[in-house]
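Notes follow once the structure below has been shown.
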Amino acid sequence: MSASTGQGMVDIHHHLLPGLDDGPRDWGQSLAMARAAVRSGIRTVVATPHVHPGRPGQPGRAAIVEMVDELRSRLASEGCELEVLPGAEVYPVPDLARWLAQGGPGWELGQGARTRYVLLDLPLDRLPPHFDRLLFEVALGGLIPVIAHPERNRQLAERPQALVPLAERGAVVQVTAQSLTGGFGRQAQQAAMWLVRHGVARVVATDAHDVVHRSPRALQEAWRHLAHHLGVEAADRLCVHWPRQVARGEPLSDPVPADGQPARRLEAPGVRDLVRGLRAWWERRASSF
Amino acid sequence: MRRRARPSPSERGGPMLVMDGERYQLAAEAFRSLRTNLQYAALGRPLQVLTVTAAGPDEGKSAVTANLAVALAQGGSRVLAVGADLRRPSLHRAFGLDYHVGLTSVLMGRVALEEAVRRVEPWGLDVLPSGPLPPNPAEMLGSRQMEALLEAMRQRWETVLLDTPPVVALSDAALLAARSDGVLLVVSAHQTPRDVVVAARRQLEQVGARILGVVLNRVRPTESGRYHYYYYYYARDHQRRPGPDDTAAPTAPGLALAGLDGRPPQPAASRTGATGEGSR
């Protein structure tokens, strides 16, 4: 490995806090994830437990910050140099904007100094109803929505182009590291690569839940995959620079399509094109009889 | 809209504002003469709300809006520049603002107009950025709230400039043009095909907009002299003339205000050194 192997990576989607969701169950597992993160070149993690607004017993900002503080002191006593910031992965319920506006929960990512980002959990099957309107309302409340793992959503995996207008309106698109390396299947991988290639996705994150199946190490593997296909600079932008800007609450610097091509002009050739081609061929053939 | 199709000159590193400093005196002078031309055009009917648009993307609408706003403010007018391009806003960039609170926030009733408007010093110019970008821009710009908001703006400012999306293929600009006192059509020299400009004109005329004229942007200063105002009049032969300035294409535009009403342009500018190539 060369010295430039994605050092100082920032992971903005990581279920690091114990006992809050389907992530680690206790502090032991939590610390194991933190150690694995540091070993694989991650310097900063935004801890993002699942939050479902309106359901009882959801952790508020205060609870999350408190646990982050405890994790920090445990890490310090171990001499583990991982920076941990509070955050949340918020489920996009229809009245999300109202929940966010109430301010109490304060589920934004990272430090939220100047620009505040909020990570939105995307369901794996369908898009939430009126998703574009929901994103607009979140933005009206002064928050920039970060769309988590759209490539794992069945609808968007088939048509990643549908994310282009959302990204153009200012939403940040996050793809999951394991999707890029094929861990969630071929369709998710193709969609994720399409999104990073065309400068639509701006952030790669682990969405780590444990140290075995969905491990923090995925980010380094994704970095290598990206560096191989798109170059070291593109990999650093996606795994280091842009995620760091999100975690620090800074505005994102301008998008750079990894292949230098405009996003709209290229359409991913899909099954539909293939079918259309075959049909045209069949019709030509039939008419020639 | 192809957002990343082609970086605009300001994205290529040049500034959007040319009105301060020594470096772009030629362009600043062009904007001041554009201001004068507008004052002449306003003699007949008052021009309070102006729509600035272009036929296609990347012609420099926002840069023209920003610089014209500064020129008007320098002339002592109370000016509001509005980022009414809800597709691909860039007016805010000229003034180093962000766009996260602005026009759409006001239209949706989230903030009052006074809170959303930003004062830009040293010109004492007011700017209303676009606000978060909605999924239904045309609907918002055509809404009754927008109508009421324009009325409120007329009460408070002497001149309101609306920076809008391109007019061809999108209805946004036409909607606003119909509600404003005049339209400036920005045309990027050597770039926009003639039939596209004609289509833009037709679209604006269909909604009864009053087209004041064309602002010809990115005119290449030639080696033959410093002051060249090209008049654009259905010019077919804007061929490139390779010159020393070609590589550093002028982000500081040469500007001209020309008629689009079927007559040759009125020589309203003080210097009408149109060359044989530009005026026919």
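The values are calculated or read from the model by the stated rules, or taken from the named source; none is laboratory data. None of the values given here were measured: they were computed from a predicted structure. As a convention, Cβ positions derive from the backbone with ideal geometry for all residues, glycine included, and neighbour counts pool all protein chains shown.
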Residue hits (the stretch A:134-144; facing another protein chain (nearest Cβ under 8 Å), part of a helix (DSSP H, G or I) and modelled with pLDDT under 95) are A:Ala139, A:Leu140
A:Ala97 fails exactly one of (1) modelled with pLDDT under 95; (2) in contact with a strand residue (DSSP E or B) (Cβ under 6 Å, 6 or more places away or on another chain); (3) small (Gly, Ala, Ser), namely (2)
- Query: Can you find even one residue in the stretch B:119-129 that is closer than 28 Å to B:Ala30 by Cβ, modelled with pLDDT of 90 or more, within 14 Å of chain A (Cβ to nearest Cβ) and touching a strand residue (DSSP E or B) at 6+ places or on another chain (Cβ under 6 Å)?
  - Reply: yes
message: Among the residues that make up the stretch A:44-67, is at least one of them farther than 25 Å from A:Phe131 by Cα and touching a Lys or Arg at 6+ places or on another chain (Cβ under 9 Å)?
response: yes
If we ask which residues in the stretch B:91-118 are under 22 Å from B:Met19 (Cα atoms), within 12 Å of another protein chain (Cβ to nearest Cβ) and either modelled with pLDDT of 95 or more or in contact with a Phe, Trp or Tyr (Cβ under 9 Å, 6 or more places away or on another chain) (or both), their number turns out to be 2
In the stretch A:186-225, anything over 22 Å from A:Leu163 (Cα atoms) and assigned to a helix (DSSP H, G or I) is listed as A:Ala218, A:Leu219, A:Gln220, A:Glu221, A:Trp223, A:Arg224, A:His225
B:Ala94 - would you say it is closer than 30 Å to B:Gly44 by Cα and touching a residue at least 24 places away in the same chain (Cβ under 8 Å)? no
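Looking at A:Val196, A:Val173, can you tell me which residue is under 24 Å from A:Asp132 (Cα atoms), free of Cβ contacts under 8 Å to residues at least 40 places away in the same chain and crowded, with 20+ Cβ neighbours inside 10 Å?
Working: A:Val196 fails: free of Cβ contacts under 8 Å to residues at least 40 places away in the same chain.
Just a single option satisfies the conditions, and that option is A:Val173.
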Per the filter on the stretch A:199-219, residues more than 15 Å from the chain's Cα centre (by Cα) and either among the hydrophobic types (A, V, I, L, M, F, W, C) or surrounded by 23 or more Cβ atoms within 10 Å (Cβ to Cβ) (or both) are A:Val211, A:Val212
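Filter the stretch A:145-172 for residues that are within 14 Å of another protein chain (Cβ to nearest Cβ) and either β-branched (Val, Ile, Thr) or outside any strand (DSSP E or B) (or both) and give the result.
If we filter the stretch A:145-172 for residues that are within 14 Å of another protein chain (Cβ to nearest Cβ), which is where we start, we get A:145, A:161-172.
Scanning the stretch A:145-172 gives A:Gln161, A:Ala162, A:Leu163, A:Val164, A:Pro165, A:Leu166, A:Ala167, A:Glu168, A:Arg169, A:Gly170, A:Ala171, A:Val172.
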